[in-house]
Structure formats: structure tokens, C-alpha cells
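Structure record follows, encoded as C-alpha cells.
The values are calculated or read from the model by the stated rules, or taken from the named source; none is laboratory data. Being a predicted model, the structure only gives us computed values, none of them experimental. We place every Cβ from the backbone using ideal geometry, glycine too, and count neighbours over all the protein chains shown.
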Amino acid sequence: MSFPTLYHTVKSNRLLYKFVKPFADYYANISGYRQLGLRYDDIIIEENSIVEQALKRLPPEENDLRNIRIKQAFQLSLMHSILPKEQWTKPEEDIRHLSPYIKKVTEEEAEREAFEGVKIIRK
Amino acid sequence: MFRTCRLLSKPTIPLSNILIRKYASVSASPVVVSKSQTGITVVSVEEGAPASSVAVVVKAGPRAESANSVGAAHFLKNFAFKETQKRTSFRTIREAELLGGVLSSNLTRETLIYSAEFLREDLTFFLGILSDIIFETKYFPYEFGDVKKSVNFETNATKALPEVVALNTAHSVAFRHGLGNSLYADESTKVTYIQDIIDYAKKVFTAPNITIVGTSVDHKELLGLTNELFQNISHAVPSTPISSKYYGGEERIPAKGTSHYVLAFEGAPANTPDFLVLQVLRSLLDGEKHTQWGEGVNILASNFKDTKISTFNNGYSDAGLFGIYFSGVATSIYQAARTAVEQLKHAVKDVSEEDFSRALAKARYNIASAYEERASKTEIFGNQILSTGKVIPASEAIAHLDQLKVQDLQNVATKILQSKPTTVALGDIYSLPYSEALSL
């Protein structure tokens, strides 16, 4: 789960951060998941071994809440509606609950790869 | 087939060489004991071997469990070599493999032993791994599931071993709590969440509870590394466990297949003179055959061909369990157990000098060989330091054994017969004897 990112460059430069942040917030708001009561980490694609492993490590209570949010969003999506505005996910509620686990699993995978000195590539 | 071959082949060593008695060179390997600055006792034996071992012996066996931490010792054992601040579990295993070392964690009733075996020059790395277990293990909640799985697996695997079940039950009947706590976390475990293990670890990992035992390592180097790696150890004085009390009693468990029977008495704590006497008594009664295809020497060994009979003498810091273990057909066990009791009573009344010296020789050998093997040596030294604060070398134990008289044996045999017997019948409980039937 790695993709090219400018996150650290932007985060470390205060001026750039101040400039980009409003656009980022605006983008997060219009992307629509918050209107369905979801968090950003709920819409990460699950169908790969790393995220699957990360989901297994999620504490049970976190996982339950996550499932409830996804079910609710699914229902809303079926009904072609969104939540009333006061129930939207607030920016401060949009916690990255799954990302640390994904990061951990990714690191472990990388370590495993590094230890496999020889990699056989079939042609 | 193999047997015939062996008998026909000519001896390759000239007979005269066998007949000349040679004395094994008993250049006693020096055991050095010192207290490190951290308060941890460091023991090392220099044998000059290229393969070394180092073990961290912690007084954290099931004995140390309290009512609300039943089973925690087994969980803690299986939490060894999990992720630490410095390395993931995967990295620990791979790096140890690359250096050609072996890591293991073992549980006895009183101690938890983390040990590493490796080539002499890798001491720093392996002692580092062992200290990481104590200080740096992260105890991730998601690892709990894996650990629980392995704990359950071990518990269920041992449930299928009647010998283990019988002896474990014998301990719980004899001592109830403390030494009677099960080695395996079974259904009655109170460990339900990661925090239970962390609490237990915090309680047991303190300086007075730990001994480091090294074999074939440089003592100064080991001491220096201990000072460096274990400097953050807690100095909390652990609560002294309630002293063991022997109860005794009877337990009968129905099971299919071969029957098993344990008859045990109150033994003596390890490192006491009585314990050594019991070692002799054990050899005297021993129903094991020591030559292949041979006839046993004593009655128990030669008369009961369809019953496996072995004696045990388990010594702990403040109590012991001495007994005989039978397995085979229930009706033969009945006969064998009666004979064993007769033999025991015979030992009280009259033992011939010949039998006594035979038993003494076997006991001497048993002690010497226990000190020979690396794992058992580590355990012996660790336990001695943790319970008495000093090391008793093999030569000393054997020297003590040589002074024993038949009278000592009779006194101790009388004493153990006075204790209430512990019996465990596992298998065909209809035919297996009740302790009253053994005319004790």
C-alpha cells in the first residue's frame, strides 16, 4: 500500500502547508464520504493482503464501529440519500484508525522481502 | 536382524582395553558465581567448548501465579521472542538463524527459562535478544490471538499424553495450589486479555527473581554484558510465595486405552540431604531396564514385563514429590503397585549392602549425567541460585552421596511412608487400585 506522496514535503514547509490545507479540506469535504458518516480509512480498498492483515489487527471494538459505519453508508447509498448535515463526519472525527496498522504491515512485508536474499522470477 | 549382526560382529576394540579400568578425568569445570551491579546473579561454567549457551532463569513458573493470574506463566512463555522495540519477531528469528543459534523458552513448575545456544563469539547478540524479551517486548493486543492459539495447541497436545496428565494431576492433588498449579493454561485460566500477561510480567521480572546462567562463556564478558543490558531491571522485592504444603489424596480419571497409575509420597526439597537419599531410594526401586534386551535387576523391573514402571523424585525449592509411575494393563498395574509398596516397606526394614551399593552407583550416575547435559545443568544452577543463593557443584553432591549409610535410607523411607499417599488412576478405573488396597 504505498503510493507516491508529497505529504511530507507539504507538512514540513509551513508556507506550503498553509496554502494547501484549505484546498485539502475542501477536497475531503466534497469527496462525499463524510456525508455518508464514513471516515477516510473506511474507504481504503480492503481487497489486498496487507489491508486484510491490518484489519485483522484492528481492536474488535474499532472493527465493530467500522462495520456499523460501512453498513450505514451502504444503506444510504442504496436509498440515494445522505445523512442530515449535523450527522456528517466532522473533520476532527475523521481519524486515521487503520492507517497505522497498514503502515506496520507494509513495513513488515518490506522487511520480509529484504530478508529473502534471492528472489526467483519466473519468465 | 540388527541384534544378530551385532552379536556376530567381532569386537573391534581389544578386550584388554575394556577390562582395564580407566578413571574419567574429573577436572571439575569451574563454576563462577557473582552478583552483577544490577542485582542479578550471574553463574557461568567454563568448559572451553565452541558452542555456548546462556539462559535467563526467572522465578515465574506456575508456582508464582495467584488466583487471578492462573495460566499466565504459560502465556508469558509463549510471548517470548515476539515483537520488541528493536526487532520484529520475524527479524529475531531470521537473525538468530543467520548466526546459527537456537532460541527457546521453557516452563517448569517454578521457573521460566529463556535460553539461547550459539557459537562462542555471538554472546552479545544473544544475550541482547534475551534481555529484549524482558524489557522491550511490546505486547501488541493483536499478538494475543496468536499466542492464545499456540497456548491452546500445547495444552490440547499435552492432554493427549497420559503421562503428562497423570503427573500434572499428581502435583495438583499433592500440593493443590502453588506447586500444584497446572503447567498448562487450561479452561480455568484467568488470562483473557493482553493486560493480564503484562501485569504478570511486571510482577515477575525483578532483579531478585532472575539468574543468568552461561555455559562455555567468559565470565567477565557475561558479567559486563549483564551490567549493561539489564541495568533497567526493577528492584522490587517479589512477594514470597506461600510455602508449599503437602496434602495428598486420590484422583481417578476414566480414560480409554492403556492404564496409568501414579503412587507418590511427600518427598524432600531439592538441595537437601534427604533429597539425595531419595535419589538412592529411587534407584533402588527403579523398574527401568538399563540394558537393551536385558533383564532388570530388581523385582519391579524383572517381574512385570507388560508394565512400564519408573520412579521419579521431583525436588522443588521448599517441597518435593517422590513416587512411582506405572503404565500398562490395569490388572498388572494392580499387582505391580502392591509389589512396589512391599519393596518400599522392605527398604524400611532391611536392605542388603549389595542392593544399597548398586542403588548408590546408579544415583551417582544419575546426578553426574544431570550435570552433564546443558539444558538440565542450566536448570539445576538456576534453581539452586534462586532458592538457596549458591551453587552446589556435581562433585559436592556426589561426595555427599558417598557418605550415605543404609540407615539414612531407612530413615527417609520411613518418613515418606508416613505421609498421606497421592494416587492418580487414569484409564480403567474399575480395575486400578484404590490407595487403601495397597496396604500402605
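Quick look at the values:
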quantity	calculated
Residue, nearest to the other protein chains (Cβ to nearest Cβ), within region B:97-131, restricted to residues that are closer than 24 Å to B:SER234 by Cβ and aromatic (Phe, Trp, Tyr)	B:PHE126
Which numbered condition B:GLU372 misses (of (1) under 22 Å from B:SER310 (Cα atoms); (2) surrounded by 14 or more Cβ atoms within 10 Å (Cβ to Cβ))	(2)
Among (1) surrounded by fewer than 22 Cβ atoms within 10 Å (Cβ to Cβ); (2) assigned by the TED database to the domain that holds B:THR414; (3) among the hydrophobic types (A, V, I, L, M, F, W, C) - the single one B:ALA207 does not satisfy	(2)
Scan of region B:387-437 for residues that are among the small types (Gly, Ala, Ser), surrounded by 16 or more Cβ atoms within 10 Å (Cβ to Cβ) and either within 15 Å of B:LEU278 (Cβ to Cβ) or without any contact (Cβ under 8 Å) to a residue 60 or more places away in the chain (or both), ordered by number	B:ALA397, B:ALA413, B:SER419
First in region B:49-73 and more than 23 Å from B:PHE230 (Cα to Cα) and in contact (Cβ under 8 Å) with a residue 12 or more places away in the chain, second anywhere and of a type in the set (Gly, Ala, Ser) and surrounded by fewer than 24 Cβ atoms within 10 Å (Cβ to Cβ), Cβ under 7 Å, 6 or more apart	B:ALA49/B:SER216; B:ALA51/B:SER216; B:PRO62/B:SER182; B:ARG63/B:GLY178; B:VAL70/B:SER188
Some residue of region B:339-358 being in contact (Cβ under 8 Å) with a residue 40 or more places away in the chain, under 19 Å from the mean Cα position of the chain (by Cα) and within 26 Å of B:LYS245 (Cβ to Cβ)	no
Selection count, region B:170-204, where residues are in contact (Cβ under 8 Å) with a residue 60 or more places away in the chain, surrounded by fewer than 21 Cβ atoms within 10 Å (Cβ to Cβ) and within 23 Å of B:LYS82 (Cβ to Cβ)	6
Residue check, B:ILE93 closer than 28 Å to B:ALA51 by Cβ, crowded, with 21+ Cβ neighbours inside 10 Å and either away from every other protein chain (no Cβ under 14 Å) or touching a strand residue (DSSP E or B) at 6+ places or on another chain (Cβ under 8 Å) (or both)	no
Yes/no for A:LEU76 being surrounded by 13 or more Cβ atoms within 10 Å (Cβ to Cβ), modelled with pLDDT of 90 or more and within 30 Å of B:TYR142 (Cβ to Cβ)	no
Residue selected from region A:35-59 under the condition within 14 Å of chain B (Cβ to nearest Cβ) and in a helix (DSSP H, G or I), by the criterion nearest to A:LYS104 (Cα to Cα)	A:ALA54
Residues being hydroxyl-bearing (Ser, Thr, Tyr), in contact (Cβ under 8 Å) with a residue 24 or more places away in the chain and either farther than 27 Å from B:PHE230 by Cβ or away from chain A (no Cβ under 14 Å) (or both) - total across region B:132-155	3
